[in-house]
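Each remark here refers to the structure printed beneath this line.
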């Protein structure tokens with residue numbers, strides 16, 4: 001056998017991406033099996049569940065299973081108090097419908113199909129992320145050689161990257177976001193439009209794409225001081241598609257159920273307050289968590305975000321990647337109730353992974369040590385997340 005074939009540095013770039021991803025998923029898979037061995041019986045699985053049950057049935061995966069197997073309710077379910085209760089309309093349809101199609105073709109169970117499909121979609125996202133960093137952040141790549149593969153590595157070992165192999169939508173959303181951003185950067189606006197519309201049926205994260213398109217349009221205009229009419233039309237259409245995609249699923253929910261705000265009422269069933277307003281949840285979550293110190297915590301969060309976005313390694317990202325890295329966290333902050341899911345949502349802010357790698361770029365040995373240290377920290381936090389968040393500890397008196 002040719003010795004060079006065993007040298008990863010000589011492998012094609014896309015093989016390197018898949019190898020990094022496979023190694024990270026193997027680590028997470030082993031951790032999942034170990035943690036499953038300490039899992040008590042719960043509403044989703046029995047005691048010490050198998051790998052497929054633990055990745056395909058826990059937490060929200062069972063909601064997606066319900067959608068794949070029985071669809072959505074025709075009417076909003078309500079409790080004895082007349083308030084809307086938790087139901088499937090909170091969850092987007094594209095991933096469970098893809099799983100349903102694969103289940104019909106293969107005869108596989110939800111637990112097997114959903115976790116396997118998520119794993120494969122995550123694998124497909126890695127070469128796209130690599131190419132996106134190459135094309136979208138040339139200054140950052142010049143400053144930190146190896147940045148595209150290092151970004152793939154950080155995404156693959158992110159503390160919540162375990163969800164890339166469970167029955168959740170993160171893998172599909174990651175792939176669609178990366179494809180859409182790459183299409184914008186390479187000026188394939190038709191493909192970007194298709195990507196953002198598909199994203200609107202996958203996760204509630206399409207609206208920040210509009211900010212990316214606006215920054216892209218400004219960058220093109222600033223470069224040439226003019227744009228051809230077809231480009232303006234495409235960019236206007238893509239901006240409109242991003243806005244429409246951002247409200248597409250709530251509109252569908254309202255149309256099917258006959259309740260215009262069905263999606264918001266359903267989201268309210270999961271929250272501490274049913275009144276939903278941009279950034280409103282922080283107003284009662286931070287005081288609950290931090291008591292009188294909450295104003296300082298709020299200021300600290302804003303300062304941290306500003307420092308990250310204004311750091312040299314972040315500013316070296318291309319305009320489109322910087323815009324996503326800024327708009328997506330702000331949008332998530334406005335739209336969600338902060339809680340255990342926040343760390344999972346941050347996985348989709350993957351351009352900030354490139355910024356993290358680029359914090360230290362010279363000398364090369366120091367850059368590698370820095371990247372290695374970040375990887376070790378992330379893997380450690382991944383174990384903490386699995387044990388503290390994914391493992392469900394039934395409350396006293398369970399089952400009720």
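The values are calculated or read from the model by the stated rules, or taken from the named source; none is laboratory data. What you see is a predicted model; the values in this text were computed from it and never measured. Note: ideal-geometry Cβ built from the backbone for every residue, glycine included; neighbour counts use all protein chains shown.
Restricting the stretch 340-391 to residues that are assigned to a loop (DSSP other than H, G, I, E, B) and modelled with pLDDT under 95, the residue that is surrounded by the most Cβ atoms within 10 Å (Cβ to Cβ) is 358.
Residues that are free of Cβ contacts under 8 Å to residues at least 12 places away in the same chain and under 17 Å from the mean Cα position of the chain (by Cα) do occur in the stretch 335-342, at least one of them. For residue 30, the criteria (1) farther than 30 Å from residue 146 by Cβ; (2) over 21 Å from the mean Cα position of the chain (by Cα); (3) modelled with pLDDT of 95 or more hold in every case but one, which is (1). Taking the listed residues 249, 270, 218, 255, the one that is in a loop (DSSP other than H, G, I, E, B) and at pLDDT 90 or above is 270, with no other qualifying. Just to check your reading of the model, which residue among 359, 308 is under 20 Å from residue 142 (Cβ atoms) and touching a residue at least 40 places away in the same chain (Cβ under 8 Å)? None of the other options fit; the residue is 359.
Quick grid of which residues meet (1) at pLDDT below 95; (2) in contact with a helix residue (DSSP H, G or I) (Cβ under 9 Å, 6 or more places away or on another chain); (3) surrounded by fewer than 20 Cβ atoms within 10 Å (Cβ to Cβ):
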residue: 133; (1), (2), (3): no, yes, no
residue: 136; (1), (2), (3): no, yes, no
residue: 143; (1), (2), (3): yes, yes, yes
residue: 148; (1), (2), (3): no, yes, no
residue: 153; (1), (2), (3): no, yes, no
residue: 168; (1), (2), (3): no, yes, no
residue: 180; (1), (2), (3): no, yes, no
residue: 186; (1), (2), (3): no, yes, yes
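Checking each residue in the stretch 221-242 for being touching a helix residue (DSSP H, G or I) at 6+ places or on another chain (Cβ under 6 Å) and assigned to a helix (DSSP H, G or I) picks out 234, 235, 238, 239, 241, 242. The set of residues in the stretch 50-98 being closer than 20 Å to residue 25 by Cβ and surrounded by 22 or more Cβ atoms within 10 Å (Cβ to Cβ) consists of 54, 55, 56, 57, 58, 61, 64, 95.
Where helices (runs of 4 or more DSSP H) sit wholly within the stretch 51-110, those with at least 1 residues that are closer than 21 Å to residue 198 by Cβ occupy 61-70, 94-106. Between 198, 211, 173, 204, the distinction of being in contact with a helix residue (DSSP H, G or I) (Cβ under 9 Å, 6 or more places away or on another chain), in contact (Cβ under 8 Å) with a residue 60 or more places away in the chain and not in a helix (DSSP H, G or I) belongs to 204 only.
For the stretch 226-269, filtering for residues that are within 28 Å of residue 320 (Cβ to Cβ), buried (at least 18 other Cβ atoms within 10 Å of the Cβ) and over 22 Å from the mean Cα position of the chain (by Cα) leaves 2.
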